[in-house]
1. Can you find, within the range 134-147, the residue that is farthest from ASN87 (Cα to Cα) among those that are outside any strand (DSSP E or B) and either under 15 Å from the mean Cα position of the chain (by Cα) or in contact (Cβ under 8 Å) with a residue 24 or more places away in the chain (or both)?
2. Check the range 153-175 and report whether any residue there is part of a strand (DSSP E or B), under 16 Å from the mean Cα position of the chain (by Cα) and touching a residue at least 12 places away in the same chain (Cβ under 8 Å).
3. Got a sec? Which of ASP40, ASP29 is among the acidic types (Asp, Glu), closer than 27 Å to ILE139 by Cβ and out of contact with any Phe, Trp or Tyr (no Cβ under 7 Å at 6 or more places or on another chain)?
4. Filter the range 84-129 for residues that are touching a Pro at 6+ places or on another chain (Cβ under 9 Å) and small (Gly, Ala, Ser) and give the result.
5. Any idea how many residues of the range 18-45 are surrounded by 19 or more Cβ atoms within 10 Å (Cβ to Cβ) and under 18 Å from LEU114 (Cα atoms)?
6. For the range 24-45, which residues satisfy the criterion of being touching a strand residue (DSSP E or B) at 6+ places or on another chain (Cβ under 9 Å), under 18 Å from HIS108 (Cβ atoms) and in contact (Cβ under 8 Å) with a residue 60 or more places away in the chain?
7. Which residue pairs have Cβ atoms under 8 Å apart, sit 6 or more places apart or on different chains, and have a first residue in the range 104-120 that is closer than 23 Å to LEU135 by Cα and a second that is among the acidic types (Asp, Glu) and in a strand (DSSP E or B)?
Amino acid sequence: MHGTRSSASPYLIEGPRVGLRHLTYEDADEFVARAGESRDLHKPWLFPPVSAEAYARYAQPLIESGDRESFLVCEREAGGAIAGFININNIVRGGFLSGALGYGVFAHAAGRGLMSEALGLVLRYAFGPLGLHRLEANIQPLNAASLALVRRAGFRLEGFSPAFLFVDGEWRDHERWAITADMVDTLA
């Protein structure tokens with residue numbers, strides 16, 4: 001059965017082709033190598049760490065903070081090779097029950113549908129075990145691949161935020177996309 005964890009599985013949740021597990025400090029070498037191979041794909045949208053020191057700074061709040069969940073997207077048929085990552089940042093509980101998504105695919109896995117499968121799994125996890133109500137993704141308007149990913153997942157466009165995030169040395173405009181638990185069948 002997909003979307004569940006067996007006792008022998010290293011994944012929190014898995015689908016037909018990918019499994020999601022939490023990021024660890026021990027993932028540094030593979031993560032940094034994949035990020036280095038993917039610089040051309042990511043620029044100018046995303047700048048994941050490409051050195052051990054940068055990875056340690058990146059990973060520490062994701063691993064140790066209580067207001068974030070970080071998932072590595074792993075290819076099940078490739079021995080668990082890291083294909084990408086999806087983070088739920090700035091999780092707010094109480095009356096908000098919301099988080100902000102950040103994600104990226106590595107070059108060797110791009111265009112293969114792995115991130116679509118993984119995002120579906122993250123939505124099920126976020127709106128199931130995590131108990132969230134809403135997830136938001138803020139995307140630069142010219143980032144066609146990222147916009148296509150959230151559209152496929154059922155996110156709705158909620159607005160435009162000028163000079164929203166500081167990326168690559170400039171304050172960049174972003175579109176605000178969101179999805180709520182009632183928009184997703186978390187039991188499928």
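FYI, it's all coordinate maths here, none of it is from the lab. Here the structure is a predicted model, which is why all the values come from computation and not from measurement. Neighbour counts run over all protein chains shown; Cβ positions are idealised from the backbone, glycine included.
1. PRO141
2. no
3. None of the others qualify; the one that does is ASP40.
4. Of everything in the range 84-129, just one residue is touching a Pro at 6+ places or on another chain (Cβ under 9 Å) and small (Gly, Ala, Ser), namely GLY104.
5. 9
6. Selection gives ARG34, ALA35, SER38, LEU41, HIS42, TRP45.
7. Pairs found: LEU114/GLU75.
For (1) surrounded by fewer than 21 Cβ atoms within 10 Å (Cβ to Cβ); (2) part of a strand (DSSP E or B), each residue gets a yes or a no:
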{"site": "LEU72", "(1), (2)": "no, yes"}
{"site": "ALA83", "(1), (2)": "no, yes"}
{"site": "GLY104", "(1), (2)": "no, yes"}
{"site": "HIS108", "(1), (2)": "yes, no"}
{"site": "GLU117", "(1), (2)": "yes, no"}
{"site": "LEU132", "(1), (2)": "no, no"}
